[in-house]
Amino acid sequence: MSDQPTYTPPKVWTWEQESGGQFASINRPIAGATHDKELPVGKHPFQLYSLATPNGVKVTVMFEELLEKGHEGAEYDAWLINIGEGDQFGSDFVDINPNSKIPALMDRSGQEPLRVFESASILMHLAEKFGEFLPKEGPARTETLNWLFWQMGSAPYLGGGFGHFYAYAPEKWEYPINRFAMEAKRQLDVLDRELANKTYIAGEDYTIADIAIWPWYGQLVLGRLYNAAEFLDVTSYKNVLRWAEAIDARPAVSRGRMVNRAFGELQFQLRERHDASDFETRTQDKLEPAAE
């Protein structure tokens, strides 16, 4: 261990707003809206308010997979929520998701608008509505849900744990990085062992479990998350890599990870999505050509 001084917790914790690293401005110990802000509403039955973080990518991939299968009723408008600017604390967004986290969805396809929040809830809602990517009954359904909820319970240790301390914290501390690197590698080993004899995580069929897990663990081993692939020696997880590359090659996945993307190369940023043609005409390189 290092010679860094030991932290002694105070008797009563208080909020120091200047602490917290890259995301200090959006982390706070209270809930609720900070300002009034009306959200836009487009022409489609589904209105998605999100950002292309791993949790946001889950839902845009799901929509694109449904459209790929010919479900015209799955057309959606995707509106950018800039979490760095606090859009998730606007009054309309908090009305949809009182937890102030992306993604948040309004389903206007029924008689009354329905709010859906938490990424796993959105995936299940869409899977059941369209009868896709989730077995209707029996052991296959249970196994799919096992892995869907595995992701929801495990990924906070990868993102808020390893990702935060390795990539975003204002100081590099040996203990939390070691602690969460160990857990990230354990989780990758769980996946690798399961994928040794299966095409997808719940069996031979592609499901919402894969759609939930891939944006986190698939993109991690593909080198797109936290610049940590070498540090975690991801090449040792050969079954996860095979699975990640197969899902990455799906056209709907390629499209889905572009939606609500406001970072990275301009040709892969589709900050808002309102029509399938937007992938050809409204990527950020078309709207904001790079300076010569």
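The values are calculated or read from the model by the stated rules, or taken from the named source; none is laboratory data. As the structure is a computational prediction, the values presented were derived from the model and not from experiment. Cβ placement follows ideal geometry from the backbone for every residue including glycine, while neighbour counts extend to all protein chains displayed.
Within the stretch 240-256, can you find the residues that are surrounded by fewer than 17 Cβ atoms within 10 Å (Cβ to Cβ) and in a helix (DSSP H, G or I)? Arg242, Glu245, Ala246, Asp248, Pro251, Ser254, listed by residue number.
Taken as a whole, the structure places Arg224 among residues that are surrounded by fewer than 19 Cβ atoms within 10 Å (Cβ to Cβ), closer than 21 Å to Leu51 by Cα and either of a type outside the set (Asp, Glu) or at pLDDT below 95 (or both). Show the residue pairs meeting these rules: Cβ distance below 6 Å; 6+ apart or different chains; first residue within the stretch 52-66 and farther than 13 Å from Ala212 by Cα; second residue crowded, with 24+ Cβ neighbours inside 10 Å and among the small types (Gly, Ala, Ser). From residues that are farther than 13 Å from Ala212 by Cα, the pairs are Glu64/Gly256.
Kindly evaluate Trp214 against the criterion of being buried (at least 23 other Cβ atoms within 10 Å of the Cβ), touching a strand residue (DSSP E or B) at 6+ places or on another chain (Cβ under 9 Å) and within 26 Å of Ala184 (Cβ to Cβ). Answer is no for this residue.
Is it the case that some residue within the stretch 163-186 is surrounded by fewer than 17 Cβ atoms within 10 Å (Cβ to Cβ), of a type in the set (Asp, Glu) and under 20 Å from Ile213 (Cα atoms)? Among the residues of the stretch 163-186, at least one is surrounded by fewer than 17 Cβ atoms within 10 Å (Cβ to Cβ), of a type in the set (Asp, Glu) and under 20 Å from Ile213 (Cα atoms), which makes the answer yes. Tell me yes or no: at least one residue of the stretch 79-101 is aliphatic (A, V, I, L, M), surrounded by 12 or more Cβ atoms within 10 Å (Cβ to Cβ), out of contact with any helix residue (DSSP H, G or I) (no Cβ under 7 Å at 6 or more places or on another chain) and at pLDDT below 95. No; the residues of the stretch 79-101 include none that is aliphatic (A, V, I, L, M), surrounded by 12 or more Cβ atoms within 10 Å (Cβ to Cβ), out of contact with any helix residue (DSSP H, G or I) (no Cβ under 7 Å at 6 or more places or on another chain) and at pLDDT below 95.
Selection of the stretch 172-182 for residues being touching a residue at least 60 places away in the same chain (Cβ under 8 Å) and either over 17 Å from Pro5 (Cβ atoms) or not in a helix (DSSP H, G or I) (or both) yields only Trp173. Residues in the stretch 87-128 that are among the small types (Gly, Ala, Ser) and under 14 Å from Leu39 (Cβ atoms): Gly90, Ser91, Ser100, Ala104. Determine whether Asp205 is of a type outside the set (Lys, Arg), in contact (Cβ under 8 Å) with a residue 12 or more places away in the chain, closer than 26 Å to Ala140 by Cβ and surrounded by fewer than 18 Cβ atoms within 10 Å (Cβ to Cβ). Criteria met by Asp205. Picking from residues in the stretch 34-68 that are assigned to a helix (DSSP H, G or I) and of a type in the set (Asp, Glu), the one that is farthest from the chain's Cα centre (by Cα) is Glu68. When we screen Gly223, Gly264, Gly218 for residues that are of a type in the set (Gly, Ala, Ser) and not in a loop (DSSP other than H, G, I, E, B), the only hit is Gly218.
Take the residues in the stretch 250-292 that are over 18 Å from the mean Cα position of the chain (by Cα) and of a type in the set (A, V, I, L, M), then tell me which one is farthest from Val41 (Cα to Cα). Step by step, filter the stretch 250-292, then rank; the result is Ala291.
Evaluated against (1) over 16 Å from the mean Cα position of the chain (by Cα); (2) over 18 Å from Val61 (Cα atoms); (3) of a type in the set (Gly, Ala, Ser), Ala127 falls short on exactly one condition, (2).
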